[in-house]
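A short reminder: the numbers here are calculations on the coordinates, not readings from a lab. Quick caveat: nothing in here was measured; it's all calculated off a predicted structure. Neighbour counts are summed over all protein chains in view; Cβ atoms, including those assigned to glycine, are modelled from backbone coordinates with ideal geometry.
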Amino acid sequence: MQVAIEPECQKKTRRPRKTEFRVDELPEDVRQAVIDEYRDCNVDYEEWSESSIEDFKKKAENAGFDIRTRTEEGFKGKTYQKPAIYWSGFSSQGDGASFEADIDLNKYIRAHAEDLIKAGIDIFTLRKIINNEPSQGDWELNPFL
């Protein structure tokens with residue numbers, strides 16, 4: 001009779017055997033269970049989107065927008081300030097995004113002068129707006145556009 005004796009050191013280094021499957025090889029009910037289990041992976045904590053928000057804020061500031069803040073209630077009723085940036089989505093590729101901001105017209109016009117001129121606004125009108133010259137009927141700001 002032969003008995004296989006496994007040295008203790010080999011027992012400690014042995015890893016359990018795993019079988020791997022591609023998602024499309026799984027039965028539909030198992031596939032759905034796996035998707036449900038990992039749906040919130042990497043987004044199940046408060047700050048998961050913080051770097052994207054900071055990147056957007058920098059780009060908005062460079063274009064003349066000052067993102068407003070909003071007060072939110074946190075743990076145990078503590079309040080804190082967050083950028084007033086709103087979005088929803090991901091299960092249907094998102095419904096869109098919006099933000100609240102004040103605008104520095106001088107900075108905005110300088111950042112977008114080429115596009116504004118292409119849109120038909122002449123450079124002289126832009127200069128008047130930048131220099132805060134009073135309108136003499138040749139230009140006006142429409143807050144509803």
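So here's what we get for this one:
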| read-out | value |
| --- | --- |
| Size-normalised alpha-carbon gyration radius of region 49-103, reference 2.2 N^0.38 Å | 1.26 |
| Distance (nanometres) between label positions extended 7 Å along Cα→Cβ at A113 and E20 | 5.6 |
| Over 19 Å between alpha carbons, listed pairs K57/K118; K57/K107; K58/K82; K59/K107; K59/K82 | K57/K118 |
